[in-house]
Amino acid sequence: MGMKRKDYEEALAPLTLELVSMARWVKATGARVVVLFEGRDTAGKGGAITAVRDRLNPRQCRTVALAKPTEAEMGQWYFQRYVAHLPTAGEIVLFDRSWYNRAGVERVMGYASPEQVDAFLKAVPTFEKLLVDDGILLFKYWLATDQANQEERLRERLEDPLKRWKLSPIDLAAREKYDDYTAAREAMLAATHTAHAPWTLVDFNDQRRGRLTLVRDLLDRIPDTHEDPPAIDFPDLGRDPVAETYGVLKPIAEWDG
(Lines give C-alpha, C1' and ligand atoms only; values in the text may rest on other atoms or scores of the structure.)
Protein backbone atom coordinates (compact mmCIF):
# COMPACT_ATOMS: atom_id res chain seq x y z
CA MET A 1 0.00 0.00 0.00
CA GLY A 2 1.35 3.42 -0.94
CA MET A 3 2.13 6.19 1.49
CA LYS A 4 -0.91 8.24 2.50
CA ARG A 5 -1.08 11.86 1.35
CA LYS A 6 -1.34 13.21 4.91
CA ASP A 7 1.76 11.31 6.02
CA TYR A 8 3.60 12.42 2.88
CA GLU A 9 2.77 16.09 3.35
CA GLU A 10 3.82 15.98 7.01
CA ALA A 11 7.15 14.38 6.07
CA LEU A 12 7.73 16.76 3.16
CA ALA A 13 7.15 19.98 5.15
CA PRO A 14 10.48 20.02 7.04
CA LEU A 15 12.34 18.94 3.89
CA THR A 16 10.80 21.87 2.03
CA LEU A 17 12.15 24.25 4.68
CA GLU A 18 15.59 22.74 4.11
CA LEU A 19 15.21 23.16 0.34
CA VAL A 20 14.37 26.85 0.79
CA SER A 21 17.42 27.26 3.02
CA MET A 22 19.53 25.40 0.45
CA ALA A 23 18.36 27.79 -2.26
CA ARG A 24 19.41 30.76 -0.13
CA TRP A 25 22.81 29.11 0.29
CA VAL A 26 23.11 28.62 -3.47
CA LYS A 27 22.37 32.29 -4.04
CA ALA A 28 24.65 33.51 -1.27
CA THR A 29 27.62 31.42 -2.37
CA GLY A 30 27.10 31.65 -6.14
CA ALA A 31 26.90 27.87 -6.41
CA ARG A 32 25.57 26.26 -9.58
CA VAL A 33 23.38 23.19 -9.13
CA VAL A 34 22.23 20.78 -11.85
CA VAL A 35 19.88 17.89 -11.08
CA LEU A 36 19.01 15.33 -13.75
CA PHE A 37 15.74 13.40 -13.45
CA GLU A 38 15.74 10.29 -15.60
CA GLY A 39 13.74 7.08 -15.47
CA ARG A 40 11.04 5.02 -17.06
CA ASP A 41 7.90 6.59 -18.46
CA THR A 42 5.38 7.18 -15.62
CA ALA A 43 8.06 6.72 -12.95
CA GLY A 44 7.22 10.12 -11.45
CA LYS A 45 9.78 12.60 -12.70
CA GLY A 46 7.29 15.48 -12.80
CA GLY A 47 6.12 14.93 -9.24
CA ALA A 48 9.69 14.64 -7.99
CA ILE A 49 10.65 17.89 -9.70
CA THR A 50 7.61 19.61 -8.20
CA ALA A 51 8.60 18.37 -4.74
CA VAL A 52 12.03 20.02 -5.14
CA ARG A 53 10.93 23.21 -6.90
CA ASP A 54 7.48 23.98 -5.53
CA ARG A 55 8.45 26.53 -2.86
CA LEU A 56 11.60 27.89 -4.49
CA ASN A 57 11.91 31.18 -6.34
CA PRO A 58 11.17 30.38 -10.02
CA ARG A 59 13.68 33.03 -11.07
CA GLN A 60 16.38 31.04 -9.30
CA CYS A 61 15.23 27.46 -9.76
CA ARG A 62 14.02 26.51 -13.24
CA THR A 63 12.98 23.32 -14.96
CA VAL A 64 14.31 22.37 -18.39
CA ALA A 65 12.15 19.95 -20.37
CA LEU A 66 13.26 20.09 -23.99
CA ALA A 67 11.11 19.00 -26.91
CA LYS A 68 12.53 16.83 -29.67
CA PRO A 69 15.45 18.56 -31.42
CA THR A 70 14.81 20.85 -34.35
CA GLU A 71 16.48 20.29 -37.70
CA ALA A 72 19.09 22.91 -36.80
CA GLU A 73 19.75 21.27 -33.40
CA MET A 74 20.13 17.87 -35.06
CA GLY A 75 23.08 19.32 -36.95
CA GLN A 76 24.79 20.58 -33.78
CA TRP A 77 27.18 18.96 -31.35
CA TYR A 78 24.88 16.66 -29.39
CA PHE A 79 25.41 18.38 -26.02
CA GLN A 80 25.07 21.90 -27.44
CA ARG A 81 21.39 22.49 -26.79
CA TYR A 82 21.74 21.28 -23.20
CA VAL A 83 24.76 23.47 -22.48
CA ALA A 84 22.64 26.52 -23.29
CA HIS A 85 20.44 25.74 -20.26
CA LEU A 86 23.15 25.22 -17.65
CA PRO A 87 22.95 27.50 -14.60
CA THR A 88 24.84 30.67 -13.91
CA ALA A 89 26.07 31.57 -10.41
CA GLY A 90 23.33 31.23 -7.80
CA GLU A 91 20.99 29.13 -9.97
CA ILE A 92 19.46 25.65 -9.72
CA VAL A 93 18.45 23.84 -12.91
CA LEU A 94 16.30 20.70 -12.89
CA PHE A 95 16.41 18.68 -16.11
CA ASP A 96 13.20 16.74 -16.81
CA ARG A 97 15.10 14.26 -18.96
CA SER A 98 18.48 15.37 -20.20
CA TRP A 99 21.34 14.50 -22.52
CA TYR A 100 20.75 10.91 -21.42
CA ASN A 101 17.85 10.72 -23.89
CA ARG A 102 20.40 9.31 -26.29
CA ALA A 103 21.20 6.41 -23.97
CA GLY A 104 17.51 5.69 -23.30
CA VAL A 105 14.60 6.49 -25.57
CA GLU A 106 16.75 7.32 -28.62
CA ARG A 107 18.60 4.02 -28.32
CA VAL A 108 15.58 1.84 -27.58
CA MET A 109 13.25 3.43 -30.14
CA GLY A 110 15.90 3.55 -32.86
CA TYR A 111 16.13 7.35 -33.11
CA ALA A 112 19.92 7.13 -32.77
CA SER A 113 22.24 4.69 -34.50
CA PRO A 114 24.37 2.23 -32.50
CA GLU A 115 27.42 4.28 -33.52
CA GLN A 116 25.83 7.49 -32.17
CA VAL A 117 24.94 5.78 -28.90
CA ASP A 118 28.46 4.36 -28.49
CA ALA A 119 30.01 7.75 -29.20
CA PHE A 120 27.68 9.35 -26.67
CA LEU A 121 28.50 6.87 -23.91
CA LYS A 122 32.22 7.42 -24.48
CA ALA A 123 31.86 11.21 -24.44
CA VAL A 124 29.60 11.62 -21.38
CA PRO A 125 32.21 11.02 -18.65
CA THR A 126 34.50 13.64 -20.19
CA PHE A 127 31.63 16.10 -20.72
CA GLU A 128 30.47 15.74 -17.12
CA LYS A 129 34.03 15.96 -15.81
CA LEU A 130 34.30 19.36 -17.49
CA LEU A 131 31.10 20.49 -15.75
CA VAL A 132 32.17 19.24 -12.33
CA ASP A 133 35.73 20.56 -12.67
CA ASP A 134 34.28 23.97 -13.43
CA GLY A 135 32.43 23.87 -10.10
CA ILE A 136 28.95 22.72 -11.08
CA LEU A 137 27.27 20.51 -8.49
CA LEU A 138 25.84 17.70 -10.63
CA PHE A 139 23.33 15.15 -9.36
CA LYS A 140 21.95 12.33 -11.53
CA TYR A 141 18.82 10.45 -10.44
CA TRP A 142 17.20 7.45 -12.09
CA LEU A 143 13.61 6.79 -10.98
CA ALA A 144 12.70 3.10 -11.09
CA THR A 145 9.28 1.45 -11.25
CA ASP A 146 8.01 -2.05 -11.90
CA GLN A 147 6.05 -2.72 -15.07
CA ALA A 148 2.85 -3.46 -13.15
CA ASN A 149 2.90 0.07 -11.75
CA GLN A 150 3.84 1.49 -15.15
CA GLU A 151 0.82 -0.22 -16.70
CA GLU A 152 -1.49 1.12 -14.00
CA ARG A 153 -0.20 4.68 -14.46
CA LEU A 154 -0.43 4.54 -18.24
CA ARG A 155 -4.06 3.43 -17.99
CA GLU A 156 -4.73 6.21 -15.51
CA ARG A 157 -3.37 8.71 -18.04
CA LEU A 158 -5.59 7.21 -20.71
CA GLU A 159 -8.74 7.47 -18.61
CA ASP A 160 -8.12 10.79 -16.86
CA PRO A 161 -8.73 13.80 -19.15
CA LEU A 162 -6.50 15.93 -16.93
CA LYS A 163 -3.58 13.54 -17.48
CA ARG A 164 -4.24 12.51 -21.07
CA TRP A 165 -1.69 15.04 -22.36
CA LYS A 166 1.01 12.98 -20.64
CA LEU A 167 0.26 9.96 -22.83
CA SER A 168 2.20 9.79 -26.09
CA PRO A 169 2.71 7.15 -28.77
CA ILE A 170 6.24 6.68 -27.43
CA ASP A 171 4.80 5.86 -23.99
CA LEU A 172 2.58 3.19 -25.51
CA ALA A 173 5.44 1.75 -27.56
CA ALA A 174 7.56 1.58 -24.38
CA ARG A 175 5.11 -0.97 -22.93
CA GLU A 176 6.54 -3.62 -25.23
CA LYS A 177 10.14 -2.58 -24.60
CA TYR A 178 10.38 -2.74 -20.82
CA ASP A 179 13.25 -5.23 -20.96
CA ASP A 180 14.98 -3.21 -23.69
CA TYR A 181 14.89 -0.15 -21.47
CA THR A 182 16.38 -2.23 -18.64
CA ALA A 183 19.26 -3.29 -20.89
CA ALA A 184 19.77 0.31 -22.06
CA ARG A 185 19.83 1.56 -18.48
CA GLU A 186 22.39 -1.02 -17.43
CA ALA A 187 24.66 -0.12 -20.36
CA MET A 188 24.27 3.56 -19.50
CA LEU A 189 25.14 3.00 -15.84
CA ALA A 190 28.16 0.87 -16.72
CA ALA A 191 29.54 3.63 -18.95
CA THR A 192 28.56 6.78 -17.04
CA HIS A 193 28.46 5.95 -13.31
CA THR A 194 31.72 7.68 -12.41
CA ALA A 195 33.39 8.94 -9.26
CA HIS A 196 32.96 12.56 -10.36
CA ALA A 197 29.34 12.14 -11.56
CA PRO A 198 27.73 9.10 -9.94
CA TRP A 199 24.19 7.90 -10.52
CA THR A 200 21.65 7.45 -7.74
CA LEU A 201 18.77 5.03 -8.27
CA VAL A 202 15.54 5.66 -6.35
CA ASP A 203 12.63 3.24 -6.02
CA PHE A 204 9.50 5.05 -7.26
CA ASN A 205 7.01 2.20 -7.01
CA ASP A 206 5.56 4.31 -4.20
CA GLN A 207 5.92 7.76 -5.73
CA ARG A 208 5.38 9.75 -2.53
CA ARG A 209 7.97 7.75 -0.63
CA GLY A 210 10.27 7.99 -3.63
CA ARG A 211 10.03 11.80 -3.65
CA LEU A 212 10.92 11.96 0.03
CA THR A 213 13.87 9.62 -0.51
CA LEU A 214 15.17 11.70 -3.42
CA VAL A 215 14.80 15.06 -1.69
CA ARG A 216 16.49 13.78 1.47
CA ASP A 217 19.38 12.37 -0.53
CA LEU A 218 19.80 15.60 -2.51
CA LEU A 219 19.88 17.72 0.63
CA ASP A 220 22.36 15.38 2.31
CA ARG A 221 24.77 15.66 -0.63
CA ILE A 222 24.86 19.44 -0.91
CA PRO A 223 27.37 20.73 1.68
CA ASP A 224 26.74 23.44 4.26
CA THR A 225 23.37 24.43 2.91
CA HIS A 226 21.90 26.20 5.94
CA GLU A 227 21.45 29.88 5.31
CA ASP A 228 19.25 32.04 7.55
CA PRO A 229 16.90 34.45 5.79
CA PRO A 230 18.08 38.07 5.82
CA ALA A 231 16.73 40.26 8.59
CA ILE A 232 14.01 42.60 7.36
CA ASP A 233 12.66 45.53 9.35
CA PHE A 234 8.86 45.50 9.10
CA PRO A 235 7.60 48.58 10.98
CA ASP A 236 3.97 49.20 11.84
CA LEU A 237 2.01 50.79 8.97
CA GLY A 238 1.16 53.74 11.20
CA ARG A 239 -2.44 54.01 10.03
CA ASP A 240 -5.48 51.88 9.27
CA PRO A 241 -5.15 49.79 6.09
CA VAL A 242 -6.89 51.31 3.07
CA ALA A 243 -9.45 49.40 1.00
CA GLU A 244 -8.86 49.00 -2.73
CA THR A 245 -10.57 51.66 -4.87
CA TYR A 246 -11.31 51.67 -8.61
CA GLY A 247 -11.74 54.34 -11.26
CA VAL A 248 -11.40 53.29 -14.88
CA LEU A 249 -12.26 49.60 -14.38
CA LYS A 250 -13.78 47.45 -11.65
CA PRO A 251 -13.19 43.75 -10.89
CA ILE A 252 -15.37 41.29 -12.78
CA ALA A 253 -18.24 39.59 -10.96
CA GLU A 254 -17.13 37.07 -8.36
CA TRP A 255 -17.48 33.36 -9.02
CA ASP A 256 -20.63 32.11 -7.32
CA GLY A 257 -20.45 28.43 -8.16
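Before moving on, here are some points about what is shown:
- Note: the range 34-156, Cα convex hull, 129 Å³ per residue.
- 3J(HN,Hα) along the range 243-257, derived from phi through the Karplus expression 6.51 cos²θ - 1.76 cosθ + 1.60 where θ = phi - 60°, amounts to 6, 5, 10, 9, x, 5, 10, 10, x, 5, 4, 5, 5, 10, x Hz, with x in place of Gly and Pro.
- Taking a straight line from the alpha carbon of residue 68, these aspartates and glutamates sit under 14 Å away, with near neighbours fewer than eight places off in the same chain left out: 96, 106.
- Structure-derived Rg and Dmax of the Cα atoms in Å: which label, when the choices are (1) 21.6, 73; (2) 17.5, 57; (3) 19.8, 68: (1)
- P(r) histogram, all alpha-carbon pairs of the range 165-219 included - 10 Å bins from 0, percent: 19, 32, 42, 7
- Cα-centre dipole for the range 41-171 with unit charges at Cβ (Lys and Arg positive, Asp and Glu negative), debye to 20: 320 debye
- Our coupling estimate for the range 152-168, obtained by passing each phi through the Karplus curve with A = 6.51, B = -1.76, C = 1.60 and θ = phi - 60°, is 4, 6, 5, 5, 4, 5, 5, 8, 9, x, 7, 10, 4, 4, 6, 8, 10 Hz, Gly and Pro reported as x.
- Scanning residues 5 or more positions from residue 140 or on other chains, those with amide H under 5 Å from its amide H are 36, 200, with H placed 1.01 Å from N in the peptide plane.
- Cross-link reach is defined here as a Cα-Cα straight distance under 15 Å, omitting same-chain residues fewer than 8 places apart; for residue 163 the aspartates and glutamates meeting it are 41, 151, 152, 171.
- Surface accessible to a 1.4 Å probe, per residue, for the residues of the range 101-257, Å²: 67 Å²
- Among the listed pairs 45/166; 4/140; 45/122; 27/129, those beyond 18 Å (Cα-Cα): 4/140; 45/122; 27/129
- Of all accessible heavy-atom area on the range 128-227, the percent that carbon and sulfur account for (1.4 Å): 51 percent
- Cβ charges +1 (Lys, Arg) and -1 (Asp, Glu), total dipole of the range 135-193, debye: 280 debye
- Helix content alone sets the calculated 222 nm mean residue ellipticity of the chain: runs of n ≥ 4 DSSP H residues at -39500 (n - 2.57) each, divided across all residues, give -13500 deg cm²/dmol.
- Lys/Arg +1, Asp/Glu -1 at C-beta; the chain dipole; positive extreme among 253, 87, 50: 87
The values are calculated or read from the model by the stated rules, or taken from the named source; none is laboratory data. Just so we're clear, the structure is a prediction, and the values are computed from it rather than from any experiment. Note: ideal-geometry Cβ built from the backbone for every residue, glycine included; neighbour counts use all protein chains shown. Remember, those area values only see protein heavy atoms, side chains included, never the ligands or the DNA or RNA. Shrake-Rupley method; radii C 1.70, N 1.55, O 1.52, S 1.80 Å.
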